[in-house]
1. Quick check: anything in the stretch 95-107 under 21 Å from Ile58 (Cα atoms) and touching a Pro at 6+ places or on another chain (Cβ under 6 Å)?
2. Which numbered condition in (1) in contact (Cβ under 8 Å) with a residue 24 or more places away in the chain; (2) part of a helix (DSSP H, G or I); (3) within 27 Å of Ser155 (Cβ to Cβ) is the only one that Met112 fails?
3. Does Glu13 satisfy the criteria of being modelled with pLDDT under 95 and in contact with a helix residue (DSSP H, G or I) (Cβ under 8 Å, 6 or more places away or on another chain)?
4. Can you tell me which residue within the stretch 146-163, out of those that are under 29 Å from Arg136 (Cα atoms) and assigned to a loop (DSSP other than H, G, I, E, B), is farthest from the chain's Cα centre (by Cα)?
5. Where in the stretch 9-50 are there helices (runs of 4 or more DSSP H), lying wholly inside it, with at least 2 residues that are open to solvent by 50 Å² or more (accessible area, probe 1.4 Å) and away from ligand 1 (no atom under 16 Å from the Cβ)?
6. Which residue is farthest from ligand 2 (Cβ to nearest atom), if the candidates are limited to the stretch 56-75 and must be under 18 Å from Lys117 (Cβ atoms) and surrounded by fewer than 22 Cβ atoms within 10 Å (Cβ to Cβ)?
7. Would you check if there is a residue in the stretch 167-174 being part of a loop (DSSP other than H, G, I, E, B), in contact (Cβ under 8 Å) with a residue 40 or more places away in the chain and open to solvent by 90 Å² or more (accessible area, probe 1.4 Å)?
Amino acid sequence: MTETMEKPIGASEINPKFKYEISKMHGGEKLMRCFQCGTCTSDCPIARFSDTYRPRQIIRMAQLGLKDRVLKSDTLWLCAACFTCTDRCPQDVEVANVIRVLRNLAAEQGFMPQVFKEQCASILESGYAYKIPELRMKKRESLGLPSLPKGNPESIGKTLREVHLLKHVEKKGE
Ligand code: SF4
Ligand code: SF4
């Protein structure tokens, strides 16, 4: 996946149907209400610490139909889903949900950062998003803390298969 936000925009990149595609999805319905006030970006905790992550920009690019550019962007995956933007948007745009819709579309096309693919693999193997080091388990024991509940990778794997996530994780974006 490459970072594509900064390149000049070519007319051939514009997909005028993209905004309708998003607006039909749950959470994306109010995309076109955005009037670019910038409140989402100014209140976003991730934008505060990133030079590139701007929810307002993502919304605008989606409105303009820059489908490939948005879906291939790594910054899409920086959102922490805190919903501050959604709470504060004066136009009631569900910014965080639009970003979720865009991520789902990106994942369907195989554009998912390796770190999330690795988390999926770990969930399937152990039921946990991260492998917990043996040393940390021993430390818990020495502190008298109870052992962690056992993960249930079978049950989680069944759910992930039902939502076709595994198929998307294995797909490679072009
Ligand atoms: S706060 Fe709402 S209206 Fe303002 S830029 Fe963000 S999405 Fe658009
Ligand atoms: S939900 Fe995402 S875009 Fe919105 S404020 Fe939180 S981190 Fe920023």
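The values are calculated or read from the model by the stated rules, or taken from the named source; none is laboratory data. Only a predicted model underlies this, so the values are computations on that prediction, with no experimental measurement involved. Ideal geometry is used to build each Cβ from the backbone, glycine not excepted, and the neighbour counts take in all protein chains shown. Surface accessibility is based on the protein's heavy atoms, side chains included, excluding ligands, DNA and RNA. Shrake-Rupley method; radii C 1.70, N 1.55, O 1.52, S 1.80 Å.
1. Yes, because at least one residue in the stretch 95-107 is under 21 Å from Ile58 (Cα atoms) and touching a Pro at 6+ places or on another chain (Cβ under 6 Å).
2. Against the list (1) in contact (Cβ under 8 Å) with a residue 24 or more places away in the chain; (2) part of a helix (DSSP H, G or I); (3) within 27 Å of Ser155 (Cβ to Cβ), Met112 comes up short only on (2).
3. In short, yes.
4. Residue satisfying both the conditions and the ranking: Pro146.
5. 18-23
6. Looking at the filtered set, the residue picked out is Lys72.
7. yes
Here is a yes/no grid of residues against (1) open to solvent by 80 Å² or more (accessible area, probe 1.4 Å); (2) among the hydroxyl-bearing types (Ser, Thr, Tyr):
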| site | (1), (2) |
| --- | --- |
| Gln114 | yes, no |
| Lys131 | yes, no |
| Ser147 | yes, yes |
| Gly151 | no, no |
| Leu160 | no, no |
